[in-house]
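Enquirer: Before I ask anything, here is the structure I am working with.
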Amino acid sequence: MNPNYQPLAEVRQKLRVEWYRCPINSTKLRELMKRHDLQGWFQATGHLILLVGTGLLSYFLWSRQMWFGFAIAFFAHGTVASFFTGVAPHELGHGTVFRTKWLNKFFLYLYSLLSWWDPFNYAMNHTYHHRYTLHSKGVREVLLPLTPSLKPTFLLQMFTINLFTQSGRTFGKGGLIPTIIVTIKAALGVRISAEIPSREWLQALHTDQPHEARKSMWWSRIILLFHGVVVMISVITSLWVLPLLVSTSAFVGNWWRYFVGLTQHCGLSDDVPDFRKCVRSITLDPLSEFLYWRMNWHTEHHMYAGVPCYNLKKVYQEVVQDMPKPRTLIGAWREMREIWKKQQTDPSYQFDTPLPETAGSLHRDITDELEYSIGELAPKGLR
């Protein structure tokens, strides 16, 4: 572990962030925190139906050797699948999508398996992210400054196949090749290099929670077994398109997830006890909001993480006078690029999100423990 960082057990004992939370009626909050299986089925199976539909269309066009049509359909398939990585497992990991608990776990593992995602590492990591959002002493999931990259080589991967991007917040384990390498090493129990910040953070989590680290190792073996079987079936049946549609789809057409996902924290203030200053909400069209599992309402999610994704917009409507206005996607990117340019000449510059005149700022005593809830996210050792 980096000697400049405290052991995580000490962090949990010493670091307390007194977050400002917008006042909301307790009865209304309890209503918004109710989980509904029907809405959960709509979100979880709806996303899967889009994946299967674009996959079947891609297969049909491949079987007819209609290559141009196949390329378009496969791009759409990948765009849908890219939101499996870290988006669907995020909300399912909070355990707030379904009222029936085992359904949250079932779909969490299904989505994670298809996208090479590790729900055990993520649960540890994301618990700290919620408790200590952008507080460098408490969490290293997001290391500022994040750069809103528009480099041609990077964008080429975003609009084709994400092969080589490195591990980090934006793409989890990274592109396809780093993901395979990281998963193999994890399955073998190989200790990863701590030279890359995201991997140093993972080492610290594993040292602090060895039981979860063992779960991660076994999960990596299951991932390799599953995708190995997919490749084996494709060889036996000569369906060479099968690994493309199943095992690599989450790495194809990552463009839209990148453009919407980077807006969450990029360019915002660190070490401030106010989610309105370190988290950004944006408005999206209905289809994008569906694929993104409503995480565009990200400030609301951090403030009241026990609220299901399909109720987050209602949270905003309840506290609208106390919140900054959500940016448009273009507006958020314009803001991020302007902040990044200023930080090139003044690395200490931090953007201070403007609040409406009606907004409060004084910390209030929290009497309802529901306001602290992050759902079922935290592993046993971090509760």
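The values are calculated or read from the model by the stated rules, or taken from the named source; none is laboratory data. No experiment lies behind these values; they were computed from the predicted model shown. Note that each Cβ is placed from the backbone with ideal geometry, even for glycine, and that neighbours are counted across all protein chains shown.
Enquirer: Quick one: which of Val97, Val80 is closer than 27 Å to Trp255 by Cβ, not in a helix (DSSP H, G or I) and not hydroxyl-bearing (Ser, Thr, Tyr)?
Expert: Criteria check complete, one pass: Val97.
Enquirer: Here is a follow-up. Here are Val182, Val252, Val190: which of them is farther than 27 Å from Lys342 by Cβ, modelled with pLDDT under 95 and crowded, with 19+ Cβ neighbours inside 10 Å?
Expert: The conditions single out Val182.
Enquirer: Exactly one of these conditions fails for Asp271: (1) farther than 24 Å from Arg35 by Cα; (2) part of a helix (DSSP H, G or I). Give me its number.
Expert: Failing condition for Asp271: (2).
Enquirer: Kindly indicate which of Thr27, Thr54 is in a helix (DSSP H, G or I), over 25 Å from the mean Cα position of the chain (by Cα) and of a type outside the set (A, V, I, L, M, F, W, C).
Expert: Sole residue among the options that is in a helix (DSSP H, G or I), over 25 Å from the mean Cα position of the chain (by Cα) and of a type outside the set (A, V, I, L, M, F, W, C): Thr27.
Enquirer: Since Arg21 meets every condition but one in (1) farther than 26 Å from Asn104 by Cβ; (2) surrounded by 14 or more Cβ atoms within 10 Å (Cβ to Cβ); (3) at pLDDT below 95; (4) of a type outside the set (A, V, I, L, M), which condition does it not meet?
Expert: Checking Arg21 against (1) farther than 26 Å from Asn104 by Cβ; (2) surrounded by 14 or more Cβ atoms within 10 Å (Cβ to Cβ); (3) at pLDDT below 95; (4) of a type outside the set (A, V, I, L, M), the one that fails is (1).
Enquirer: Quick one: would you say Phe74 is crowded, with 20+ Cβ neighbours inside 10 Å, closer than 25 Å to Thr237 by Cβ, of a type in the set (A, V, I, L, M, F, W, C) and in contact (Cβ under 8 Å) with a residue 24 or more places away in the chain?
Expert: Here the answer is yes, as Phe74 does meet what is asked.
Enquirer: For region 207-261, enumerate the residues that are on the phi < 0 side of the Ramachandran plot, outside any helix (DSSP H, G or I) and small (Gly, Ala, Ser).
Expert: If the condition is that a residue be on the phi < 0 side of the Ramachandran plot, outside any helix (DSSP H, G or I) and small (Gly, Ala, Ser), then Ser247 is the only one that fits.
Enquirer: Scan (1) without any contact (Cβ under 8 Å) to a residue 40 or more places away in the chain; (2) surrounded by 22 or more Cβ atoms within 10 Å (Cβ to Cβ) for the single condition Phe68 breaks and write down its number.
Expert: (2)
Enquirer: Within 19 Å of the chain's Cα centre (by Cα), buried (at least 19 other Cβ atoms within 10 Å of the Cβ), among the basic types (Lys, Arg) and within 19 Å of Tyr132 (Cα to Cα): does that describe Arg257?
Expert: Against the criterion (within 19 Å of the chain's Cα centre (by Cα), buried (at least 19 other Cβ atoms within 10 Å of the Cβ), among the basic types (Lys, Arg) and within 19 Å of Tyr132 (Cα to Cα)), Arg257 does not qualify.
Enquirer: Within region 5-13, does at least one residue satisfy the condition of being under 24 Å from the mean Cα position of the chain (by Cα), modelled with pLDDT under 95, under 24 Å from Asp274 (Cα atoms) and of a type in the set (A, V, I, L, M)?
Expert: Scanning region 5-13, I find at least one residue that is under 24 Å from the mean Cα position of the chain (by Cα), modelled with pLDDT under 95, under 24 Å from Asp274 (Cα atoms) and of a type in the set (A, V, I, L, M), so the answer is yes.
Enquirer: Among the residues of region 312-359, write down those that are over 26 Å from the mean Cα position of the chain (by Cα) and either loosely packed, with under 14 Cβ neighbours inside 10 Å or among the charged types (D, E, K, R) (or both).
Expert: Within region 312-359, Gln321, Lys342, Gln344, Thr345, Asp346, Pro347, Ser348, Pro356, Glu357, Thr358 qualify.
Enquirer: Here's a follow-up. Scan region 1-29 for residues that are under 20 Å from Gln321 (Cα atoms) and in contact (Cβ under 8 Å) with a residue 12 or more places away in the chain and jot them down.
Expert: Within region 1-29, Trp19, Tyr20, Arg21, Cys22, Pro23, Ile24, Asn25, Ser26, Lys28, Leu29 meet the criteria.
Enquirer: Can you find, within region 85-103, the residue that is surrounded by the most Cβ atoms within 10 Å (Cβ to Cβ) among those that are hydroxyl-bearing (Ser, Thr, Tyr) and over 8 Å from the mean Cα position of the chain (by Cα)?
Expert: Checking each candidate, the answer is Thr96.
Residue-by-condition table, conditions (1) out of contact with any helix residue (DSSP H, G or I) (no Cβ under 8 Å at 6 or more places or on another chain); (2) closer than 29 Å to Ala250 by Cβ; (3) touching a residue at least 12 places away in the same chain (Cβ under 8 Å):
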site	(1), (2), (3)
Val272	no, no, yes
Arg294	no, yes, yes
Pro308	no, yes, yes
Thr328	yes, yes, yes
Ala332	no, yes, yes
Ser348	yes, no, no
Glu371	no, no, yes
Leu382	no, yes, yes
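Enquirer: To continue, here is another question. Can you tell me which residues in region 31-40 are more than 11 Å from Asn311 (Cα to Cα) and in contact (Cβ under 8 Å) with a residue 40 or more places away in the chain?
Expert: Matches in region 31-40: Asp37, Gly40.
Enquirer: Scan region 33-65 for residues that are within 13 Å of Phe290 (Cβ to Cβ) and surrounded by 19 or more Cβ atoms within 10 Å (Cβ to Cβ) and jot them down.
Expert: Across region 33-65, the qualifying residues are Gln43, Ala44, His47, Leu50, Leu51.
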